[in-house]
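This is the structure, below, for whatever I ask next.
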Amino acid sequence: MSSGLEQPLGIAEAGQVNERGTTIIDNIRGLQTAEKGLFDQLQTGTSNMTLTPEEQSDLTNQIKNTADARYNLYTELQQNQDYYKKNVGISHNILTQETDALEVVERELHRAEQRIGLIREQRANRLRLVEINRYYGDKYKHHTVILQYVTVVFALVLFLTYMNNQGFIPPFLYTTLFVIIGTVGAYFIIKEMWDAYSRDNMLYQQYNWKMLRGSPDEDVQASNQTNPFQGQPLEEVATCIGQECCQVESTWVPGPLNKCFPNSELQSPEILAKFPKGIPAYDGTNVVTGVTENALMSSNSGQLMEAELKKYQ
């Protein structure tokens with residue numbers, strides 16, 4: 001939408017209200033109504049988050065096309081007014097008043113565009129806040145697990161030391177349990193700390209594989225233009241021809257139709273136009289003109305298979 005439309009259109013108070021000017025105004029009013037409806041639909045869908053990005057883009061394109069068409073009508077209306085201003089001295093106060101009303105609606109539409117922009121910005125900010133909160137929530141939860149491991153290990157060591165100082169357990173057992181608790185605790189603590197260090201900086205539920213394993217080597221050699229998955233075409237492909245392609249209670253109608261028809265439609269005008277004598281219904285014994293034998297049985301592999309079957313008959 002052009003920002004120049006925020007200013008008065010410069011239509012003089014003296015002029016002639018003709019049918020063309022009235023038609024243009026009606027068209028502009030209709031476009032404004034349509035655009036306002038699109039704005040309301042876009043604003044409602046954006047606020048409620050019920051529109052997909054494709055639907056939002058489609059509505060935005062429709063609003064832009066409507067605004068361009070309305071701007072062209074504004075330009076034509078201004079040119080029409082300039083023409084009558086130079087050549088006619090009759091007052092046209094009605095046209096001026098309606099144009100002022102159009103300017104008011106135009107400014108409202110411009111404000112609606114600004115509100116839509118603010119809503120989108122607020123929505124993006126809220127989404128960023130949600131992502132940040134989710135990231136730090138998962139991070140703090142994981143760090144809490146690490147602190148729990150540390151607390152349990154120190155509690156066990158403290159309890160074991162107390163029991164040893166009081167003489168409840170012998171020194172050999174104290175040393176053995178101390179080593180076991182320290183080793184197992186250090187293993188779990190180091191594993192969880194390394195796991196926390198390996199997490200992605202943007203999404204905590206993912207790992208930073210580039211940091212862990214490094215970037216893959218790039219293939220700088222020229223790629224082969226041949227497709228390795230493209231095999232040689234089959235010389236013999238089993239398929240159906242003619243009547244064998246039709247279902248039960250259907251008959252193959254040869255060219256120029258070349259398709260199956262239900263037996264109840266063999267006397268249809270479409271068939272009689274090409275075959276005045278009609279096409280007999282297929283009953284399992286008659287041969288329809290234009291039908292050849294099965295391509296599988298006519299191929300070399302089909303003949304070999306038929307010869308092998310005859311040995312067992």
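The values are calculated or read from the model by the stated rules, or taken from the named source; none is laboratory data. Keep in mind it's a predicted model, so treat the numbers as computed, not measured. In this analysis, Cβ positions are derived from the backbone assuming ideal geometry, glycine residues included, and neighbour counts consider all displayed protein chains.
What number goes with the only condition from (1) at pLDDT 85 or above; (2) exposed (fewer than 12 other Cβ atoms within 10 Å of the Cβ); (3) small (Gly, Ala, Ser) that Ala112 does not pass?
For Ala112, the exception is condition (2).
Where residues in region 90-125 are part of a helix (DSSP H, G or I) and polar (S, T, N, Q), which of them is farthest from Thr50 (Cα to Cα)?
Among those that are part of a helix (DSSP H, G or I) and polar (S, T, N, Q), it is Asn93.
Between a residue in region 63-88 that is assigned by TED's automatic domain parsing to the domain that holds Leu31 and in a helix (DSSP H, G or I) and any residue that is among the charged types (D, E, K, R) and at pLDDT below 80, which pairs come within a Cβ distance under 8 Å, given they are 6 or more apart or on different chains?
Sorted first by the residue in region 63-88, then by its partner, the pairs are Asn80/Arg20.
While we're looking at this one, here's another question. Please verify whether Thr33 is modelled with pLDDT of 85 or more and in a helix (DSSP H, G or I), treating the condition exactly as stated. Before you say what the answer is, go through the steps one by one.
On the way: modelled with pLDDT of 85 or more: yes; in a helix (DSSP H, G or I): yes.
Here the answer is yes, as Thr33 does meet what is asked.
Across region 55-82, what is the number of residues that are hydrophobic (A, V, I, L, M, F, W, C) and either loosely packed, with under 15 Cβ neighbours inside 10 Å or under 19 Å from Glu113 (Cα atoms) (or both)? Break it down into steps so the answer makes sense when it comes.
Quick first cut of region 55-82, residues hydrophobic (A, V, I, L, M, F, W, C) only: 59, 63, 67, 69, 73, 77.
When the remaining residues are screened for being either loosely packed, with under 15 Cβ neighbours inside 10 Å or under 19 Å from Glu113 (Cα atoms) (or both), the result is 59, 63, 67, 69.
Matching residues across region 55-82 total 4.
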